[in-house]
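The values are calculated or read from the model by the stated rules, or taken from the named source; none is laboratory data. The shown structure was predicted, so the numbers you read here are calculated from the model rather than taken from an experiment. Here the Cβ positions follow ideal geometry from the backbone for every residue, glycine too, while neighbour counts run over all protein chains shown. With ligands, DNA and RNA removed, areas are computed over all heavy atoms of the protein, side chains included. Shrake-Rupley method; radii C 1.70, N 1.55, O 1.52, S 1.80 Å.
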Amino acid sequence: MSLAKVYSCALSGLDGELIEVEVDVNTGQVAFIVVGLGDTAVQEARERIRSAVKNSGCRMPFNRKVTVNLAPADIRKEGPSYDLPMAVGLLIASGQVIADVRGSVFIGELSLDGRVRHTHGVLPMVALARERGIQRVFVPEDDAAEAALVEGIEVIPVASLSQLINHLSQVQPIAAFEGKGAPAATCPPEVMDFTHIKGQEHVKRALEVAAAGGHNVLMTGPPGAGKTLLARAMPSILPTMAPDESLEVTKIYSVAGLLPSQTPLLRQRPFRAPHHTISHAGLVGGGRIPRPGEITLSHRGVLFLDELPEFGHAVLEVMRQPLEDRLVTISRAQGTLTFPANFMLVSAMNPCPCGYFGDSARACTCSDGAVARYQKRISGPLLDRIDIFVEVPRVDFEKLSGDGYGESSEAVRERVEEARGRQSMRFSESRLTCNAEMTAVEVREYCQSALDEASRSLLRMAMDQLSFSARSFHRILKLARTVADLDHSSTIESRHLAEALQYRQRSMAA
């Protein structure tokens, strides 16, 4: 046989594309040509394949022209994951291996000695293979546990090219990988527990409400008050991810190459805290071939922006659409890609450049104009997308030096999960997962209709006196619905609405 066809996969954003690797070995000028819109890593595969084939006990075709076509040719291929299918196609086309590889997909990078290396994005590739009716996939041994997360497909772990040759030649078959199931979700030991944070009970309550409904938070206070510490304790009170959420997050981290070794399935919600020097592309994603940014890496978790006014104006403004639509669309000449961005924004800032505006113990050295300019670095439309504004004052000596402990994160998380459970029942017939995701339709159905007469009067008075926008109106109702859920109440009472109203901004104009 001089022509062989082997299947592999390409990545397009977070999704896979089935690729047919055609290898033709024929007479002609000696050459090894790879066509099909491959990047530099694909072109360099020729040298890796030459060495891997020779070091695996086989030979390159003598005095032959080898042509490899990666079809369809209009899809850009990048990365070294095509090494293994190209090598298998070469060996079959040259007659050194006789095997029927129809119904199989091959994924993997080759080292010069023939070992098969780890490859990014295995999970979405294997998911695509199953959707296309593929029966089995051959993946690097290190990625077998990740591939096995996709049910209904046979996963063959490959350690080396020589091992794969023996398997295809039926000399020594490779046993299919048997998944061990997902590990139990536990809170990482390095996550701060609420019980060790002295004071700030009202801030902890605000974060509990935020976690229960998936709401965005802005904490304002002087340096050293504990804003960053409180934000980093957020993962300890967030509810456990559902299985489909875990797969969704794992898929993102697999494509980004950030999936931890020996951790095939991510069970903890992401917590991302980029520095304020981050670029536009680093935050929302981008590049010549777009890759996920921090807001996508925070999907189903928390994006923490410390020192919020220090971020570039353009960087902050580009977050407005993802905060509203919960996805980000990146357009390039080659096409348009959409990445998920359903995250909680937790941010912190000082009230002024020196940090002590309004502080009871230390005088502010900033002029009124400097304070105003500093606060205006965050635009009104962006502030309007934040649900909870909370002041974080300095903690007094008695609380810091006291021997008592506060409420544990575990106790708070139990209440949060109970509230999320009520929301799941409420949204059982839709794709919503928490109150913050409600649109105007759901707000009318589940919030406005749940207001009692006292709550309606309070809301009407607040709208008249505080001049809230329509977006703020809906966000207040969603927040009040979360407070009611934490209170085990089916109706939104005036006390629930009052708590939601107190979380609206006070010091900065929307």
Query raised in the report: Could you say whether any residue in region 61-68 is surrounded by fewer than 16 Cβ atoms within 10 Å (Cβ to Cβ) and within 30 Å of residue 172 (Cα to Cα)?
Result: yes
Query - Residue among 296, 240 that alone is closer than 26 Å to residue 143 by Cα, in contact (Cβ under 8 Å) with a residue 40 or more places away in the chain and open to solvent by less than 10 Å² (accessible area, probe 1.4 Å) - result: 296
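Residues are listed down the side, and each one gets a yes or a no for (1) assigned to a helix (DSSP H, G or I); (2) buried (at least 17 other Cβ atoms within 10 Å of the Cβ); (3) of a type in the set (S, T, N, Q):
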residue	(1), (2), (3)
355	no, yes, no
358	no, no, no
372	yes, no, no
386	no, yes, no
Query - Selection status of residue 51, within 12 Å of residue 165 (Cβ to Cβ) and open to solvent by 10 Å² or more (accessible area, probe 1.4 Å) - result: no
Query raised in the report: Mind checking whether some residue in region 267-275 is of a type in the set (A, V, I, L, M, F, W, C), touching a helix residue (DSSP H, G or I) at 6+ places or on another chain (Cβ under 7 Å) and either under 27 Å from residue 417 (Cβ atoms) or part of a loop (DSSP other than H, G, I, E, B) (or both)?
Result: yes
Query raised in the report: Out of curiosity, is residue 116 surrounded by 18 or more Cβ atoms within 10 Å (Cβ to Cβ), in contact with a Lys or Arg (Cβ under 6 Å, 6 or more places away or on another chain) and in contact (Cβ under 8 Å) with a residue 40 or more places away in the chain?
Result: no
Requested in this report: All but one of (1) modelled with pLDDT of 95 or more; (2) open to solvent by less than 20 Å² (accessible area, probe 1.4 Å); (3) closer than 27 Å to residue 226 by Cβ; (4) out of contact with any Gly (no Cβ under 6 Å at 6 or more places or on another chain) hold for residue 435, so report the exception by its number.
Outcome: (4)
Query raised in the report: Restricting to region 436-466, what's the tally of residues that are in contact with a Leu (Cβ under 8 Å, 6 or more places away or on another chain) and closer than 19 Å to residue 300 by Cβ?
Result: 1
Report task. Can you confirm whether region 213-235 contains a residue that is open to solvent by 10 Å² or more (accessible area, probe 1.4 Å), of a type outside the set (D, E, K, R) and without any contact (Cβ under 8 Å) to a residue 40 or more places away in the chain? Result -> yes
Report task. For residue 328, state whether it is of a type in the set (Val, Ile, Thr), in contact with a strand residue (DSSP E or B) (Cβ under 8 Å, 6 or more places away or on another chain) and closer than 18 Å to residue 278 by Cα. Result -> yes
Query raised in the report: Does region 39-48 include one or more residues that are free of Cβ contacts under 8 Å to residues at least 60 places away in the same chain, under 15 Å from residue 92 (Cα atoms) and open to solvent by 30 Å² or more (accessible area, probe 1.4 Å)?
Result: no
Report task. Output the number of residues of region 68-85 satisfying the condition of being over 12 Å from residue 9 (Cα atoms) and either at pLDDT 95 or above or outside any loop (DSSP other than H, G, I, E, B) (or both). Result -> 2
Report summary line: The condition of being hydroxyl-bearing (Ser, Thr, Tyr) and within 22 Å of residue 202 (Cβ to Cβ) holds, among 489, 428, only for 489
Query raised in the report: Can we say residue 59 is without any contact (Cβ under 8 Å) to a residue 24 or more places away in the chain and farther than 23 Å from residue 126 by Cβ?
Result: no
Query - Subset of region 128-144 [in a helix (DSSP H, G or I), of a type in the set (Gly, Ala, Ser) and either open to solvent by 10 Å² or more (accessible area, probe 1.4 Å) or over 16 Å from residue 20 (Cα atoms) (or both)] - result: 144
Requested in this report: Considering (1) free of Cβ contacts under 8 Å to residues at least 60 places away in the same chain; (2) surrounded by 21 or more Cβ atoms within 10 Å (Cβ to Cβ); (3) in contact with a Lys or Arg (Cβ under 8 Å, 6 or more places away or on another chain); (4) outside any strand (DSSP E or B), say which one residue 342 fails and leave the rest.
Outcome: (1)
Report summary line: Of those in region 295-310 that are part of a loop (DSSP other than H, G, I, E, B) and either among the small types (Gly, Ala, Ser) or over 10 Å from the mean Cα position of the chain (by Cα) (or both), the residue farthest from residue 278 (Cα to Cα) is 301
Report summary line: Flagged in region 2-14 as of a type outside the set (Gly, Ala, Ser) and surrounded by fewer than 18 Cβ atoms within 10 Å (Cβ to Cβ), in numbering order, are 3, 5
